[in-house]
Structures are given as C-alpha cells and as structure tokens.
Amino acid sequence: MAKRKTSNRRKSRSRKSSEPGILDGIFSIFRADAGDPESREKSRRVIAWTLLFFGVLSLLACVSYFYTGKADQSVLEPGAENQPVSNWLGFIGAKIADLLIYKGFGIFGFLIPLYIIFISLVMLEDEYYYLLRQSFKYVAFGLIWGSVFLAYILILSNPAPSSIPVNFDLGGGVGYAINTSLFTYVGRIGVAFLLLFALMIFAVVNFNAEVRASRIVSGVAGLGEAVRYQAQNLAGSGKSTPRNRPLPKSKSLSNGRQKEESDEASGVVTEKEDSISPTQAEAGEQISLDVNPPVLKKASKKKSGTPISAGDLELTIEQPNEEEMVVPTQPELEQIGEDNIGKVVGSDNQVMRIIPAQDLETDNKDEVIDWEQFDPTKELSNYNPPVLELLDDHGAGQNWGVNSEELNANKNKIVETLANYGIEIVNIKATIGPTVTLYEIVPAPGVRISKIRNLEDDIALSLAALGIRIIAPIPGKGTIGIEVPNSKRETVSLRGVLSTVKFQTTSFELPVAIGRDIANKVFIADLNKMPHLLIAGATGQGKSVGLNTIITSLLYKKHPSEMKFVLIDPKKVEMTLYQSLAYHFLAQMPDQEEPIITDVSEAVKVLKSLCVEMDQRYELLKSARVRNLKEYNQKFIKRTLNPRKGHRFLPYILLVIDELADMMMVAGKEVEMPIARLAQLARAVGIHLVVATQRPSVNIITGIIKANFPARMSYRVISKVDSRTILDANGADQLVGRGDLLLAMGSELTRIQNAFIDTPEVEKVVDFIAQQRGYPEPYFLPEIIDEKSSGDSDEPLELDDNFEEAARVIVRHQIGSASLIQRKLKLGYNRAGRIIDQLERAKIVGPHSGSKAREVLISDEAELERYLSNLL
C-alpha cells in the first residue's frame, strides 16, 4: 500500500508539472487550436460576440457617466431603484459606470471595457494570441498605478487634504483607498517616491530600459557647477547684476578656444561658452544665464536615439602576408647521440660500442660490437618522396575578390546596425582571410558583450550574408570578432600549403597541413601531439577532402619505414585510391585479402589486432626503459637495443576510419571498446586515430570515445545540437561549407579553410609512390587467433616442409621467435608465423608471451631428434 501511495503521489506530481500555468489555462480558450476545433468553434465565436457586446455597452456606460454621473449618485443608493436614471444605458449602465469609475479606478477604468473589446476581436480573428498575455500586464499595471497616481494628485490639490474629496472621477475609490493607507505609513513624499520607483521597475523589467547612475551624477554635478560658477561671479562683482558683471579670466573668450582644443586632445569636448558676447554685456542688454554649465563629455558621445555615423570610424585593414615558398628537399635523418648506459671494451681498452646493460648477457659480444648504426631507410634507400609538380594550384590567388569597397561597405553596415541598438564602437579593424573576413571591433566603455552577441541574426540580415559568427570576446585580445564571408572565395590548394617554408622546415613528428586560418596563414598541426582527431560534418561539406589532405601531407613528409596507415572505409569507395601503397605505407593483417578494410567484421578484427600491437609495443618500451616511441626508436637506431631480444624499429601507425556511424550501427560495442582503448593508451607507442563521421550524435560519438579525442574538427553541420556534440560549442552550424571548418584544440576554436586536393591529384601521388620499389611484404599486424579453432585438438597437425629445420634453429639458439626463422631460413612473415604456431602445437615452444620470445621447451638438439622421430 505504501508503494502504491508513493507511485500515486509521483503520478499526481508529474501531472502537475506538465499542466500549463494559470495564464496559459485562461488564455487557451482564445485559441482555435485548443482542443477539438470543430467542437469549440461555435462556442468560441458565441463567447467572442458576447464579450464584444458587453465591452461596447460598458464603454458607452462609462462615457455617459461623465455627462450624467452626478445625477445618478442618489439613484444608486439602496431603496432608490425606482427613480429615473440619466445614464444612457439605464440603471445597469449607471451601476457599471459607478463600479468601474467612481468606486473603481477613475478614468483608467476605461481600460477594462477596451481590453474586453480587444479580447473579443482576437477571438473573432483567431490571430495575435500572444498579444493577450502581453497586454494583460500593461492593463493591470495601468489600472493600479494610474488610479493611485491621479488620486494622489487630487488629494494634494484639495485645500483640505485631511477631508474626503468631493468626487473620485480622476483616481476612483481604489486609488483613494490605497493613498490613504500609504499616507499613514510613508507620508506624502514617500508615496511620490513609491510611485516613481514602481514606474521605473516596470520600465526596466518590460522595456529593458537602462537607468545609468553616471548620467544622474553628471547632471547633479553640472547643476552644482552652474551654481558655484554663478556664486563666484556674484561674489567678485559685489552687488552687481548678471547684466553688467565681467567675464572671469579663466572663462574669457580669448583662451576659450585653447581650452576647447586641449580638451579635444585629451579625449573630451567642452560646451562652447561664447553665447554671452562682450558687446551684449556693454550694451546693457538683459542676459539670462544658462543653468547648464560647461560639462565635459566624451568625444564619441552621441545623443540618445541618434545613430552613429559609420564614416566617423576609420577601418584598419590587415593585409595577409605572403608565405615564403621553397623547393622541397628530402629531409635528412636526424643524427642521434649515444647514451652511456653500458660499455663494451675491446682488447686495446677503448670503448668500441655503447650498448644497454641487459644486452651484455649475450654470448657473442663481438657480434653486438660490430653492428652498424641502424638506418630504417636503408632497405628503401632509393625511395623519393612525391614532388610538388604532381599537385595543382587550382588558380590559388586568382579569385581574390575582397576589395576596399566591399570592406568599407560591410564596416558601415556593421556600425549602423550596432548604432540602431545603441551600441557605440571606438575602433574597428578588418583581417582578410581566404573564405571570411574578421572584423575586430572595440566597443565603447559600458557596453555589455551579451548585447552584441545577441545581434548575430540582425547583423547577418543587414549584410545579407550566410555564416555570420560572432566571437565575443576574442581570446587573448580585448576585442569582439565578427566573421563575415567574402563575396568571392579564394581556393586554398594543397600545393600552395605544402610548398611553404613553414611546412618544409617544420620539426613536427607527424605534420598535417590542414589549410589557412582567418589571417590567411598556413595552419599546420602535429598529429603526434593532438594525439587523435575526431572529424564531423554533413554530407558534401569537405570531410573526405580533409582526410585526403591529412594522408597526403604525411605521404609527402614521411618515409615508408617511418609511417604506416590502417584504412577502414565502410563506404568502400573513398579509400580505394590508396590500394597501390600496400607494399609501401599500408599495414594489414596476415590473412587480410585487401589492404583497405571495407567489411565491418574485418574492421573489428583489425581494431583488436591494433590493440595487440599496442600491448606488444608497450612491452618493448618497458624492456627498453623509455616512455614513448620517439625515445625507443632513437635507442634502436644507435644500436643500444638488441634485436635478438625482440626489439625492432617501430613505425608510426595511423588508423583512419572514414565513417564511424556505419560501424557503430552494425557492430556497436565491438567497435566502441577497441577504439576507446586505443584512444586512451596508444599515443605513447605511436598509434594515432583519425575518425570521421557525418552524424555527430551522442549515440555515435559516445562519451567514452569523445573523452579521449581532445582535438576535434567540424565542417558545417545541420543543427546547433550537432555543433555542441562535436565541439562543445556553437558555430559549426553557421559555417559556409566547401571546406570551411572549425578546429577545437583545448578550449580554443580556430576557423580554417581546408586545403583542397582533387581525386586526380591523389591518383598521381599514389602512382608516383607505387612505381618505386617497395618492401617484399606489407607491414603485418599481429594475427588474431580464434580461441575456438585453436583449441580444437581433433584436427590433424599439418606440418610445413621447413618444420624440422625451423625446429632445429629454434632449439640451437634457444629463442622461440618468428623473426629468427625468417632470417635463418629466408622465409616470409606469414610462413614463419604459421611454423611458430605449428611448433607451439607440437609442444616445442611455449605460448605467446607479448613482446618476449617464446619459451623453448626442448633443451638440446639430441632431445629434439628423439622427439621428432616419435612425432613424425
């Protein structure tokens, strides 16, 4: 019973919370859409005509009261109903007028019949419902405040204020009763202040009026200055009248102009004081003193309601600086110094090679000493990066259509629009970008930023432009930014960005040339520091071009030994251009048929394989005692890490997912968990993610994914909700499209025009790389073994032709490693991996143990021969 009562209380509470307010319930009958229109139409019209009839009669009765009201006062007393009535509507009219005017609200009682007529007209026309609620507060305030005010005036004008006035025509009985009560508590002066205070509060609340204390103070100070000025003059001339007193020396006309000029130089302007001429003073003409003294005013101050002249402000234009271009050259491999971790001393007591202490355990020290410094590019030493001639400039710079006329026209419209709302501007500056122009304005002191931010749509209307965005304020500056799209947009080509000195000489590990920012400067980001990138944007807004820009930037900057890509393309048509790079830049699983993953089930396996690769790399970093991939590769290059113990050069791996929404719909948690795990941990081991989607909803970009992508890029989206989902801020829904994007890194939003690369350009770059010699095999990711199939012992053991020789190599060196079989038997990675799996099932080596070599279960070759004879 207690649970049932609790649920009933919850239901009643929820019903109360969903019920409309009192005013909504009252005024809902005036709308045709409230309830069933067919059933309520007739009743609504009957009520409307009834209210109209009653309102007109009440209005006539009130008008008649001012002609016959005093004659009807005696008739309205009890027992005098049968006497003749002078009101136009008889006894009923006299009674209505008496209640509304004499005993009610005085002449403000006319508001009641007028409001009733207005309600009836709204019900008949079925329009302007919102005006009923808006006008109700004005009618109610007018009735109370007007009757009290007029009654207060009537009481003050009465010769005997303590007595009751003769009639209540002005304020009515309500106004008189309120005044008599207030007189008892606050007195006459207090009532005046209460009336003024109530009127001011009502104006501030309903009309957003601003009552500034500075104006009142300046007015009082000006009045005091006038009184002081007049007193000094009278004291200096004895009993002389203002007609014949001399002008003070400080106020004389001779130095008045100098005073005015000095005030203008200091930022203030003084009122002119030459209204009193010496000729008039000497002629004895009567001169009236101005009570308003010369008061200092701001130079830019305009009268209230007067629009600010746009021509008064000078527009400062910042022209974009031309980026310096260079011919790209092949970057040299960074020379790395040696660490004194461990030493190997030769016969002549000289240090021949520095190696880590744990590698001194090897039996063949001379072999370690003789190793050369590792060069990851040696196998493809003849590889040449793509040349810039493969890319087109797309007429960059030829469509530069922003001229001074357009800039000044936009400046004038912005200034005039703000002036119409009483917002003054001290300074304005324009920064020209490839897509939009940023107008930085400095508002006058005292202007609230929220007022400018709320005028975004009004400024867009005056400029007739799409994509107006207001930045209030600009981070790091004391200005407010207004971004206005250019009438003619410049095409930002990828060639123009890659050929700059900034990109060619950058020290970033993974430089990505995104495009040009609002100041037309090349914007390059380091993917190694991002460390992952989440991209969103509606269809056709440049998302795929942005992915091609990221991949192509890395192809131009990195060697195949330093960079590998894992491309997942559920749409099956966007990433097919890069299939020819399988033996240069792509990474895949050993059993993967195509280098580009298009099946979601295969994508799940690849994501799990990347997680295994991540774990193996962490084991290598742990054994090398380093914190990140760069430090690990530096140690491996200078041979302070022993390859015999599983160490190898680790390239960066970039996972690119073109459409996350499709994968989330098909696989769900199977996709979300490995992506989240990679985003959380894979940064230190050189695995980075670039994930793109056209649906940035919360069920696609979940909280666990979003939390690990601090860098987010958004092209134009449909709604503000999508913008807040991807960027945690508004603005992406106001972009102009075609590569216009917002990049959020931390708390800053940067507007960038994405560099453009066409499909034929990508094909030429890929063909240029594919025609060069590549690796014998692709870069293989760890194979994911199905636990069910691997645990099936009924299947016969199929042995490779090199099984026995591989077993002897493993037992001889006591290292269970597939790389050892590859080197000694000159086999490929896939075949060596299968032989290792066969050795594991044959109980010759132990199970997989991360980055460490497998344990060899047979101690010597004699025992191996006996074991093989029994096995075969």
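Please verify whether the stretch 589-609 includes one or more residues that are touching a Leu at 6+ places or on another chain (Cβ under 8 Å), part of a helix (DSSP H, G or I), open to solvent by less than 30 Å² (accessible area, probe 1.4 Å) and of a type in the set (A, V, I, L, M, F, W, C).
Yes, the stretch 589-609 has at least one match.
Specify the residue that is farthest from the chain's Cα centre (by Cα); the eligible residues are those in the stretch 181-202 that are open to solvent by 50 Å² or more (accessible area, probe 1.4 Å) and β-branched (Val, Ile, Thr).
Per the criteria, the residue is Thr184.
Out of the residues in the stretch 744-760 that are within 10 Å of the chain's Cα centre (by Cα) and exposed (fewer than 15 other Cβ atoms within 10 Å of the Cβ), state the one that is farthest from Lys706 (Cα to Cα).
Glu748
Within the stretch 477-506, work out how many residues are out of contact with any Asp or Glu (no Cβ under 9 Å at 6 or more places or on another chain) and small (Gly, Ala, Ser).
Going through the stretch 477-506 one residue at a time, the tally reaches 1.
Of all the residues that make up the stretch 849-872, how many are within 22 Å of Pro643 (Cβ to Cβ) and crowded, with 17+ Cβ neighbours inside 10 Å?
4
Is there a residue in the stretch 715-735 that is in contact with a Phe, Trp or Tyr (Cβ under 8 Å, 6 or more places away or on another chain) and either closer than 24 Å to Gly540 by Cα or not aromatic (Phe, Trp, Tyr) (or both)?
Yes, the stretch 715-735 contains a residue that is in contact with a Phe, Trp or Tyr (Cβ under 8 Å, 6 or more places away or on another chain) and either closer than 24 Å to Gly540 by Cα or not aromatic (Phe, Trp, Tyr) (or both).
Across the stretch 783-809, which residue is modelled with the lowest pLDDT among those that are farther than 19 Å from Gln592 by Cβ, part of a helix (DSSP H, G or I) and open to solvent by 60 Å² or more (accessible area, probe 1.4 Å)?
Lys788
Kindly state which strands (runs of 3 or more DSSP E) lie completely within the stretch 458-576 and contain at least 2 residues that are touching a Lys or Arg at 6+ places or on another chain (Cβ under 9 Å), more than 21 Å from Thr759 (Cα to Cα) and in contact (Cβ under 8 Å) with a residue 12 or more places away in the chain.
It comes to 469-471, 480-485, 511-517, 522-526, 533-536.
So in the stretch 412-445, with the set limited to residues that are of a type outside the set (Ser, Thr, Tyr), touching a residue at least 40 places away in the same chain (Cβ under 8 Å) and assigned to a loop (DSSP other than H, G, I, E, B), which one is nearest to Ala755 (Cα to Cα)?
Pro434
In the list Ser544, Ser553, Ser493, which residue meets the criterion of being farther than 26 Å from Ala679 by Cβ and at pLDDT 90 or above?
Being farther than 26 Å from Ala679 by Cβ and at pLDDT 90 or above holds for just one of Ser544, Ser553, Ser493, which is Ser493.
Working carefully through the options Arg724, Arg812, Arg773, Arg738, find the one that is farther than 30 Å from Gly846 by Cα, open to solvent by 60 Å² or more (accessible area, probe 1.4 Å), more than 45 Å from the chain's Cα centre (by Cα) and at pLDDT 85 or above.
Of Arg724, Arg812, Arg773, Arg738, the one residue that is farther than 30 Å from Gly846 by Cα, open to solvent by 60 Å² or more (accessible area, probe 1.4 Å), more than 45 Å from the chain's Cα centre (by Cα) and at pLDDT 85 or above is Arg773.
Taking the conditions exactly as written (farther than 23 Å from Ser553 by Cβ, modelled with pLDDT of 90 or more and part of a helix (DSSP H, G or I)), does Lys630 satisfy them or not?
No; evaluated as a whole, the condition is false for this residue.
The values are calculated or read from the model by the stated rules, or taken from the named source; none is laboratory data. Computed from a predicted model, the values in this text were never measured in an experiment. Virtual Cβ from ideal backbone geometry, glycine too; neighbours counted across all protein chains shown. Areas reflect the complete protein model, heavy atoms only, side chains present, ligands, DNA and RNA absent. Shrake-Rupley method; radii C 1.70, N 1.55, O 1.52, S 1.80 Å.
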